[in-house]
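Colleague: This is the structure I have questions about; it appears just below.
The values are calculated or read from the model by the stated rules, or taken from the named source; none is laboratory data. Just so it is clear, the model here is predicted, and its values are computed rather than measured. Neighbour counts run over all protein chains shown; Cβ positions are idealised from the backbone, glycine included. Keep in mind that these areas ignore ligands, DNA and RNA; they rest on the heavy atoms of the full protein, side chains included. Shrake-Rupley method; radii C 1.70, N 1.55, O 1.52, S 1.80 Å.
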Amino acid sequence: MLEARIQQQFFESADLVYQVADGLARPVADAAQAVVACLTSGGRLLACGQGGGQWLAQWFSAALMLRFERERPPLAAMSLGPWLALPPYPHDELAGDPTLSLALQLRALGQPGDLLLACSASGDDATLAAAIREAHAKEMSVVLLSGSTADGAATLPALLQETDLWIPVPHERLPRVHEVHLLVLHALCDAIDLQLLGDAEPD
């Protein structure tokens, strides 16, 4: 029984990947082109997420700054996240609304022409919503990786503008969404390297 349940995890993940492959190929390709256009024009990629999405954002920014599979110069990417410690004199705005933690970082670091990549397995998160609004206020475009909420609602995609991109994974289980999001980021890194370095085998 235990082995059958474990096998079912693999089957469910593989089924989801197969189902979304056709639909996600175009938005992932568009996102890769947007990232390269941003970085080659002097902009930066700022990545953020909540829960497991925070880890994915950190991994993606590190893969761009260091390397994915091929050696190349570092790319201007960084991840945003929660502070491990607050200063002794807390920011009044943050004290009044803790969901502004990412938005305030974007207010300090974001510049017109930068790109925000946001990861949310649910598609409904107040902190990421505030970050997306702040990115737009800073004249930044947004790439949103999201899943679905329990009731099917997704407030984050409703915030996107014409210059933004949405990569949705319609599944109710958060682990499955995270798995596809990681695969999406792998595909993004590969497509970015392809555009910057040409077609060659990884090291």
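Colleague: Among the residues of the stretch 37-49, which ones are buried (at least 18 other Cβ atoms within 10 Å of the Cβ) and either modelled with pLDDT of 95 or more or more than 10 Å from the chain's Cα centre (by Cα) (or both)?
Modeller: Those that are buried (at least 18 other Cβ atoms within 10 Å of the Cβ) and either modelled with pLDDT of 95 or more or more than 10 Å from the chain's Cα centre (by Cα) (or both): Cys38, Leu39, Gly43, Arg44, Leu45, Leu46, Ala47, Cys48.
Colleague: Scan the stretch 170-201 for residues that are over 16 Å from the mean Cα position of the chain (by Cα) and of a type in the set (A, V, I, L, M, F, W, C) and jot them down.
Modeller: Leu194, Leu196, Leu197, Ala200
Colleague: Another question, then. Just for strands (runs of 3 or more DSSP E) wholly inside the stretch 61-166: which have at least 1 residues that are modelled with pLDDT of 90 or more and over 17 Å from Val35 (Cα atoms)?
Modeller: 115-120, 141-146
Colleague: Then there's this: State all residues of the stretch 1-55 that are under 16 Å from Pro175 (Cβ atoms) and either in contact (Cβ under 8 Å) with a residue 60 or more places away in the chain or not in a helix (DSSP H, G or I) (or both); if no residue qualifies, say none.
Modeller: Matches in the stretch 1-55: Glu12, Ser13, Leu16, Val17, Val20, Gly49, Gln50, Gly51, Gly52, Gly53, Gln54.
Colleague: Go through the stretch 158-195 and report how many residues are open to solvent by 70 Å² or more (accessible area, probe 1.4 Å) and under 19 Å from Met65 (Cβ atoms).
Modeller: Of the residues in that region, 3 qualify.
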